[in-house]
Every structure is written in structure tokens, then in C-alpha cells.
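Written out below as C-alpha cells is the structure these notes cover.
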Amino acid sequence: MENKNIKTINGMGKACRIISRIAMIFCIIGAVAMIAGAVFVKMIPADRINITGNADAKIEIDFSGLPVSEDNAEDIMNAQGVIEKDKIKVNEFIALDYEISEIDENKAEIGIKGDFSQLSKEEIIKETLIDIISGFIELVCMAVVFGFAASLAKAVEKCDTPFTDEIISKMKKFGYSLIPLAVFGGIANGSLLTMALLVLVIIMVINIFAYGAQLQKQSDETI
């Protein structure tokens, strides 16, 4: 039974090694593509970018039973950063003209008009570069994680028992390699607490496994 279990563990290690290597290669290719993309975007002169188009929208709001009214809606949006410089802010480089008009006592209509030709081309290039650089950093972090995962899987693939110092050492390295990815990914996606908790749980399980391996080793030496 023990040999069968070890063969299963070895087989899972082999599968994980292959998958991790493939994933690492794709991450490296993606990171190189990000670098090429950043260079390409940086080389584009702003005056070569031509933006056309417009957007019109009407939003009808019923204020019945709400702590918001047509009179203070603009102040609330301004306080929350929705309105900036008399425009509705969509993102870092898109801001649209608006007009609030009263329909009746409890309803108001917000008319939104946007002329995309007025967008800042420099800001668009800047935001695009930031997104590309963020993607590059995340792909590099992922490549490192997959690299440590492949190293761990290779050790598991060839082991006679998973309770060895080599496997435990590689497990710890894999766990710690998750920290940069969790921090950066958590900040970028707004889920830092969730990512940090997940990594802490993984590292905790690894250390529990290491302690179990130590007890197993002491038991074997006693026998």
C-alpha cells in the first residue's frame, strides 16, 4: 500500500512539474511581450494619436425615501470624487460634461455628454504604460512562483518519501515565493487582505507539515 501511495505522489509530482514549467514559460513570454509593448507605446508620439467619438446618456433618478435629493446630489457626488472640475470623472483620463435637471419633486435627470476628442492623449499613453508595467511585474512574480513550484514538484516526483529535508525546504521556498505575488496582486486588485490571508494559511500548512516530518524522523530514529 505504501509503494502504491508513493507512486501516486510521484505521478502527481510529475504532472505538477510539467504544468508548472509550461505556465512559467508562458509567463516569461508574456513578460517579454509586455516589455516590447511598453517600448512600442513609449515610442508613439502623442500627436500621432487621433481620438474621435462622443457619448450621450441620460440617467433618471428617483429620490423618494433616499437621503439624497436633486438639491444636494451634486454636492454628494463632488464630495465622493465623482465630480471633478465640473465634470463627471469616469477614470484617470476620461471626464464627461453633465447637467442635472429636475423632473418633478422626487425625480431628477442627469444628462451626460462626452467628446472623446478632448481626451488627454498624454494621459492615455501614461495610463497604458502603467497598466503594461503592472502586468509585467505580476507576470514576473508568477514566473518565480511557478519556478519554485516546478522545483518542488521535481523533488516530489523522485522521492521515496515526502518527509525529507529537501522537500520541506522546497515547500518553504515555494510558500515564501507567494508573498511578492500576493502583495502586488492584492494591491493591484484591491484584495490585499484576502491574498495575505491565503498566503499565511499556505505557509502555516507547510510549517505544520514540516513539524509532522520532524516527528516522523524522530519516531524512525527511536525505532
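The values are calculated or read from the model by the stated rules, or taken from the named source; none is laboratory data. Being a predicted model, the structure only gives us computed values, none of them experimental. Every residue, glycine among them, receives a Cβ derived from its backbone with ideal geometry; neighbour counts consider all protein chains shown.
Consider only pairs whose beta carbons are under 8 Å apart and that are at least six residues apart or on different chains; among these, list those whose first residue lies in the range 9-35 and is in the same structural domain as S151 (by TED's automatic domain parsing) and whose second residue is not in a helix (DSSP H, G or I).
I9/C159; I9/P162; N10/K158; N10/C159; G13/K158; G13/C159
Taking P180 as the residue in question, decide whether it is under 22 Å from N207 (Cβ atoms) and outside any helix (DSSP H, G or I).
It is false that P180 is under 22 Å from N207 (Cβ atoms) and outside any helix (DSSP H, G or I).
What pairs can you find where one residue is in the range 170-192 and in the same structural domain as V145 (by TED's automatic domain parsing), the other is among the basic types (K, R) and assigned to a helix (DSSP H, G or I), and their Cβ atoms are less than 6 Å apart, with a gap of 6+ or different chains?
Short answer, once both residue conditions are applied: none.
Considering only residues of the range 26-48 that are in a helix (DSSP H, G or I) and of a type outside the set (A, V, I, L, M, F, W, C), which is farthest from E123 (Cα to Cα)?
Result: G30.
Report yes if Y211 is aromatic (F, W, Y), surrounded by fewer than 18 Cβ atoms within 10 Å (Cβ to Cβ), in a helix (DSSP H, G or I) and free of Cβ contacts under 8 Å to residues at least 12 places away in the same chain, otherwise no.
Here the answer is yes, as Y211 does meet what is asked.
Being surrounded by 16 or more Cβ atoms within 10 Å (Cβ to Cβ) and among the aliphatic types (A, V, I, L, M): is that true of I167 here?
Criteria met by I167.
If you go through the range 125-146 one residue at a time, do you hit one that is among the aromatic types (F, W, Y), modelled with pLDDT of 90 or more and part of a helix (DSSP H, G or I)?
Yes: the range 125-146 contains one or more residues that are among the aromatic types (F, W, Y), modelled with pLDDT of 90 or more and part of a helix (DSSP H, G or I).
Does the range 185-207 include one or more residues that are outside any helix (DSSP H, G or I) and either of a type in the set (A, V, I, L, M, F, W, C) or exposed (fewer than 15 other Cβ atoms within 10 Å of the Cβ) (or both)?
Yes: the range 185-207 contains one or more residues that are outside any helix (DSSP H, G or I) and either of a type in the set (A, V, I, L, M, F, W, C) or exposed (fewer than 15 other Cβ atoms within 10 Å of the Cβ) (or both).
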